[in-house]
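The values are calculated or read from the model by the stated rules, or taken from the named source; none is laboratory data. Source: prediction; values computed, not measured. Cβ placement follows ideal geometry from the backbone for every residue including glycine, while neighbour counts extend to all protein chains displayed.
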């Protein structure tokens with residue numbers, strides 16, 4: 001088991017990067033219709049969805065590169081909790097029926113990153129690396 005523990009920072013970094021890129025995709029679909037328009041999103045966008053899209057793109061980018069990870073993850077986690085309870089939950093109690101399973105997973109992954117930090121391959125890790133003495 002200690003062999004697996006050795007790879008924990010890399011696994012956390014990989015989870016952070018992939019989750020953040022998927023999160024960014026949702027924001028890009030809302031704001032720029034890239035790679036395609038997000039299904040069920042009205043046109044023109046109401047202000048709340050513009051704000052959500054901005055949080056998803058900027059927060060996702062910060063989390064992906066590992067810069068300000070804990071703060072960006074905290075805000076993104078809160079946005080996903082609000083999205084779930086404002087949009088998904090009123091349609092049904094069951095996440096599989098209300099299509100809120102992605103919001104729940106993003107919420108929990110980002111909430112975990114608030115406490116775990118960025119893991120490997122982050123700008124924060126590069127900035128906090130000790131400088132070797134000559």
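Observations on the structure shown:
- Residue pairs meeting the criteria (Cβ under 9 Å; at least 6 apart or on separate chains; first over 17 Å from residue 12 (Cβ atoms), in segment 120-131; second surrounded by 10 or more Cβ atoms within 10 Å (Cβ to Cβ)): 127/67
- Only one entry of 120, 73, 102, 64 meets the criterion of being modelled with pLDDT of 95 or more, more than 15 Å from the chain's Cα centre (by Cα) and closer than 19 Å to residue 17 by Cβ, and that entry is 120.
- For the condition part of a helix (DSSP H, G or I), surrounded by fewer than 16 Cβ atoms within 10 Å (Cβ to Cβ), more than 18 Å from the chain's Cα centre (by Cα) and modelled with pLDDT under 95, residue 126 qualifies.
- Test: residue 58 is assigned to a helix (DSSP H, G or I), closer than 29 Å to residue 127 by Cα, within 16 Å of the chain's Cα centre (by Cα) and touching a residue at least 60 places away in the same chain (Cβ under 8 Å): no
- Residue satisfying condition, being in a loop (DSSP other than H, G, I, E, B) and on the phi < 0 side of the Ramachandran plot, within set 74, 14, 93, 85: 93
- Taking each residue of segment 72-84 that is closer than 14 Å to residue 58 by Cβ and looking for partners that are modelled with pLDDT of 95 or more and not in a helix (DSSP H, G or I) with beta-carbon atoms closer than 9 Å, six or more apart or interchain, yields 73/118.
- If you check 21, 15 for being within 28 Å of residue 129 (Cα to Cα), within 9 Å of the chain's Cα centre (by Cα), modelled with pLDDT of 95 or more and surrounded by fewer than 17 Cβ atoms within 10 Å (Cβ to Cβ), only one passes: 21.
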